[in-house]
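Note sheet for the following structure.
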Amino acid sequence: MRRIQDKRTNVVLLGRFNPAIFQPAWFVRHGLLRQEEGVDEDQQQGADVRVVHPEVTEFATEWLVVQILKERFQARPTRDGHDEEVRDLVLGTFRLLRHTPVETLGINTTAHWVMDSEEQWNRLGDVLAPKDVCWGEVMEKPGLRSLIMHGTRSEGPKGHVLVRVEPSSKDRFGVFVEINDHYEVNAPQECLGAEEVLGLLETRWSASQEQAERVIARLVGMP
């Protein structure tokens, strides 16, 4: 039985942000992080504050990394079992900052697993990108390094799904997959706040997790 490792979901928002305000003490003050994860503006106790600048802020706690650029906000777990806490942190943050223009949401799930043997590892690559169809005739010893599949969403919110499969950097015969569930607001040029994206994050979270599970299970189950 192949065991899935490090299955985690991060949240990415695209919009217009003020990176310098997103410091651990701000999250603590508003009840979004625990007190020990950031004490006050001068002493960021409990958090690894990597940079605070008008262009970029990044900090880490024991279970979370938050990075904010002027047009991109990302919150990602660094441990298993914290996906919903990441979601709740994002929801809480932009309920407070509901007038921040946010136009795009990504619910992105990643996972690793190890194939049973080198033969099966190579076979998975052959199934996803058959060498005998084309590559064996034009390349010497071709091998799959990265495959990206794009899927449309015929019903529901605007957006698409991207699935990326490649060798894992963690294990010799490992596989890495990323499922990017991408959502867009209906009228980006008229976007004046975060409410539409927050609604998508709340209502689409479970469906996005279920789709990611199906993709991962399909790939893990391949012979």
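Can you tell me which residue among LEU89, LEU64, LEU69 is crowded, with 20+ Cβ neighbours inside 10 Å and within 30 Å of LYS170 (Cα to Cα)? Step through it out loud before you land on a result.
Details: LEU89 fails: crowded, with 20+ Cβ neighbours inside 10 Å; LEU69 fails: crowded, with 20+ Cβ neighbours inside 10 Å.
Only one candidate qualifies: LEU64.
Kindly provide the set of residues from the range 140-178 that are surrounded by fewer than 14 Cβ atoms within 10 Å (Cβ to Cβ) and either farther than 27 Å from LEU200 by Cα or acidic (Asp, Glu) (or both), ordered by number.
Once the filter is applied, which keeps residues that are surrounded by fewer than 14 Cβ atoms within 10 Å (Cβ to Cβ) and either farther than 27 Å from LEU200 by Cα or acidic (Asp, Glu) (or both), the range 140-178 yields GLU140, LYS141, GLY143, ARG145, SER146, LEU147, GLU155, SER169, LYS170, ARG172.
Collect the residues in the range 101-154 that are within 28 Å of the chain's Cα centre (by Cα), more than 30 Å from GLY199 (Cα to Cα) and aliphatic (A, V, I, L, M), keeping them in residue-number order.
Matches in the range 101-154: VAL114, MET115, LEU124, VAL127, LEU128, ALA129, LEU144, LEU147.
Working only within the range 206-223, note down all residues that are within 14 Å of ASN108 (Cα to Cα), loosely packed, with under 13 Cβ neighbours inside 10 Å and either at pLDDT below 95 or of a type in the set (A, V, I, L, M) (or both).
If the condition is that a residue be within 14 Å of ASN108 (Cα to Cα), loosely packed, with under 13 Cβ neighbours inside 10 Å and either at pLDDT below 95 or of a type in the set (A, V, I, L, M) (or both), then ALA207 is the only one that fits.
Look at PHE94 and say whether it is buried (at least 20 other Cβ atoms within 10 Å of the Cβ) and more than 24 Å from HIS182 (Cβ to Cβ). Before the answer, list the steps.
Working: buried (at least 20 other Cβ atoms within 10 Å of the Cβ): yes; more than 24 Å from HIS182 (Cβ to Cβ): no.
When the stated conditions are applied, PHE94 does not pass them.
Being among the hydroxyl-bearing types (Ser, Thr, Tyr) and either within 29 Å of THR9 (Cβ to Cβ) or modelled with pLDDT of 95 or more (or both) is the filter here, so list the residues in the range 99-148 that pass it. Steps first, please.
From the range 99-148, those among the hydroxyl-bearing types (Ser, Thr, Tyr) are 100, 104, 109-110, 117, 146; that's our starting set.
Correct list: THR100, THR104, THR109, THR110, SER146.
Given the structure, is ARG145 free of Cβ contacts under 8 Å to residues at least 24 places away in the same chain, farther than 16 Å from PHE176 by Cβ, touching a strand residue (DSSP E or B) at 6+ places or on another chain (Cβ under 8 Å) and charged (D, E, K, R)? Show your work before the answer.
Numbers: free of Cβ contacts under 8 Å to residues at least 24 places away in the same chain: yes; farther than 16 Å from PHE176 by Cβ: no; touching a strand residue (DSSP E or B) at 6+ places or on another chain (Cβ under 8 Å): yes; charged (D, E, K, R): yes.
No; evaluated as a whole, the condition is false for this residue.
Suppose we filter the range 153-183 for residues that are under 19 Å from VAL12 (Cα atoms) and modelled with pLDDT of 95 or more; how many remain?
Residues meeting the conditions: 13.
If a residue has to be part of a strand (DSSP E or B), in contact with a Phe, Trp or Tyr (Cβ under 8 Å, 6 or more places away or on another chain) and more than 16 Å from GLY106 (Cβ to Cβ) to count, how many in the range 150-205 make the cut?
The qualifying residues number 5.
The values are calculated or read from the model by the stated rules, or taken from the named source; none is laboratory data. It should be emphasised that the depicted structure is a prediction, and the values quoted were computed from it without experimental measurement. All Cβ positions, glycine included, derive from the backbone under ideal geometry; neighbour counts span all protein chains shown.
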